[in-house]
Amino acid sequence: MENIIELNNVSFSAQEGKIVQDITVKFNSEKITAIVGPSGCGKSTVLKLSAGLLVPNQGEVYYKEKNIAHMNRSENLEYRRDSAFVFQDSALWANQNLYQILELPLRIHYPQMNKKQRAERIKEVTGIVGYKKELDIRPSRLSMGEQKLIGFARALLCNPSLLYLDEWTESLDETAADRLIGLVKQKKKEGATVLFVCHDMRIIKDIADYVVILVEGKVVFQATKEDVMNDPELSNYIKMRIAL
């Protein structure tokens, strides 16, 4: 099976010390992988390293066998169009309104689109995620759940084939969360690859093909979901690790 993202001997440190230590892991194309582990173990950091949003202090990250750090401008732009990241805190620009935030990826990646086409695409995607309020307001006017919907809509705008989702259903009610879960399932049917971080075992059981367990910045286990669920000891271990 083809690997779409590979981390080879990757380490990352910040002011608080080493967060990720000598990680080697491969993520399969057109599959959904859950990255799990206790709080503070480096899950979000691994996700951002995989996406090229953080540069490792050691090691390499590859997308389709290309080192992300060595991509030229054209290759990097293509990768940014083909991938999208949903941040745990939504990461919406405070000094722009929602329409401007959503319009920017289309302006960058589809400069041939006219104003009407951009408006139609934005209306389509906000409808898909279930956002019902106006778009000429700033993020501060939204609840955390509504900000998550806008962040998810932004990720879908360019129809990416690779999605990175960091605690993407937090702050959402069950109906909204189920809607986004359904959208992720649909993306997989369309051939997309999804890497996600969450603490919700229900979601992991529902959509994950693979599970990667992190503890103290290291990968301690990687398996298919079926292997996890068919092994009571392993399943309980993961539940315990998520809860820590």
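The values are calculated or read from the model by the stated rules, or taken from the named source; none is laboratory data. Remember, predicted model here, so these are calculated numbers, not experimental data. Quick reminder, even Gly has a Cβ in these numbers, built from the backbone with ideal geometry, and neighbours come from all protein chains shown. Each accessible area value is taken on the protein alone, full model and side chains, heavy atoms only, with ligands, DNA and RNA left out. Shrake-Rupley method; radii C 1.70, N 1.55, O 1.52, S 1.80 Å.
Mind listing the long-range amide H neighbours of Ser13? Cut-off is under 5 Å, sequence gap 5 or more, other chains count too, H placed in the peptide plane at 1.01 Å from N.
Amide H neighbours of Ser13, under 5 Å, 5+ apart: Ile19, Asn57.
Quick check: at a probe of 1.4 Å, how many percent of the accessible area of the range 1-105 sits on carbon and sulfur atoms?
42 percent
Given only helices, namely DSSP H runs of n ≥ 4 each adding -39500 (n - 2.57), what is the per-residue ellipticity at 222 nm of the chain, to the nearest 500 deg cm²/dmol?
-12500 deg cm²/dmol
Mind listing the phi-derived Karplus ³J(HN,Hα) values for the range 215-220, rounded to whole Hz, using 6.51, -1.76 and 1.60 with θ = phi - 60°, and x for any glycine or proline?
Values, residue by residue: 9, 6, x, 10, 6, 9 Hz.
Compute a Gaussian network model of the chain, connecting alpha carbons closer than 10 Å, and tell me which residue from Val220, Val36, Val25 fluctuates the most.
Result: Val220 has the largest fluctuation of those listed.
Residue farthest toward the positive end of the dipole of the range 108-228, with Cβ of Lys/Arg at +1 and Asp/Glu at -1: which of Leu149, Gln186, Leu135?
With unit charges placed on the Cβ atoms, the residue in question is Leu135.
At 7 Å along Cα-to-Cβ for each site, give me the label-to-label distance between Asn114 and Glu65 in nm.
Label at Asn114, label at Glu65, 4.2 nm between them.
So what does Ser29 come to for accessible area, using a 1.4 Å probe and Å² rounded to 10?
Here the residue's solvent-accessible area equals roughly 20 Å².
Would you work out the charge dipole size for the range 24-133 about its Cα centre, treating the Cβ of every Lys and Arg as +1 and the Cβ of every Asp and Glu as -1, and quote it to the nearest 20 debye?
380 debye
Between Asn95 and Asn236, take the C-beta separation as r, use R0 = 30 Å, and let me know the FRET efficiency to the nearest 0.05.
Once rounded, the FRET efficiency stands at 0.05.
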